[in-house]
Amino acid sequence: MFSKGTLVEVSTDEDGFEGAWFAATIVKAVGKDKFLVQYQSLRTDDDSGFLTEEFDTLHIRPSPPETFVVDRFNLFEEVDALYNDGWWVGVISKVLGGSKYLIYFRDTDEEMEFKHSDLRLHHDWIDGKWIMASRV
């Protein structure tokens, strides 16, 4: 399914991180449907290296293709916002000037400002393929 060195994204059920996806690399398989991954941006507590963790395949998906890049986002469009080293699902609640957007996060009922470069179109990994959220 995933081989050593494959770039992936992983999600966790840990409090405060539900729904976020974090960039990682497959280190090795550790049994049936389970893999050891190394995060690409989360570091160990002592900052000596990147954090490694085991995940089952339900919490691993391939990295989305780069073709998801767009020039501009529209009001009410569903996006992923890069925040605290992870991708979080939100909705464009306001288009601001200077390639910035106000993003509303349903899960936390919060709004935050993001640069265009920290956003991507939201896609879901369903039945082995990427499905794009409908564009507004």
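The values are calculated or read from the model by the stated rules, or taken from the named source; none is laboratory data. Every value quoted in this text rests on a predicted model; they were computed, and no experiment measured them. For neighbour counting, all protein chains shown are included, and Cβ atoms are generated from backbone atoms with ideal geometry for every residue, glycine included.
Is one or more of the residues making up segment 33-42 of a type in the set (S, T, N, Q), in a strand (DSSP E or B), in contact with a Gly (Cβ under 9 Å, 6 or more places away or on another chain) and at pLDDT 95 or above?
So in segment 33-42, the residues of a type in the set (S, T, N, Q) come out as 38, 40-41.
Going one step further and asking which of them are in a strand (DSSP E or B), we end up with 38, 40-41.
Those still in the list that are in contact with a Gly (Cβ under 9 Å, 6 or more places away or on another chain) too: 38, 41.
Narrowing the set further to residues that are at pLDDT 95 or above leaves 38.
For segment 33-42, residues of a type in the set (S, T, N, Q), in a strand (DSSP E or B), in contact with a Gly (Cβ under 9 Å, 6 or more places away or on another chain) and at pLDDT 95 or above: present.
Checked against (1) among the polar types (S, T, N, Q); (2) outside any loop (DSSP other than H, G, I, E, B); (3) in contact (Cβ under 8 Å) with a residue 40 or more places away in the chain, Thr25 passes all but condition (3).
Looking only at residues of segment 9-26 that are of a type outside the set (S, T, N, Q) and farther than 21 Å from Glu78 by Cα, we find that the one that is surrounded by the most Cβ atoms within 10 Å (Cβ to Cβ) is Ala24. Among residues of segment 68-104 being assigned to a loop (DSSP other than H, G, I, E, B) and β-branched (Val, Ile, Thr), the one that is surrounded by the most Cβ atoms within 10 Å (Cβ to Cβ) is Val70. Only one of the listed residues (His116, His122) is surrounded by 11 or more Cβ atoms within 10 Å (Cβ to Cβ) and either polar (S, T, N, Q) or under 16 Å from Gly19 (Cβ atoms) (or both). That residue is His122. Of the residues making up segment 91-136, those that are free of Cβ contacts under 8 Å to residues at least 24 places away in the same chain and out of contact with any Asp or Glu (no Cβ under 9 Å at 6 or more places or on another chain) number 17. In the set (1) surrounded by 13 or more Cβ atoms within 10 Å (Cβ to Cβ); (2) over 23 Å from Asp13 (Cα atoms), Glu111 fails one condition alone, (2). Of the residues making up segment 56-105, those that are over 25 Å from Val8 (Cα atoms) and either in contact with a Phe, Trp or Tyr (Cβ under 6 Å, 6 or more places away or on another chain) or of a type outside the set (Phe, Trp, Tyr) (or both) number 14.
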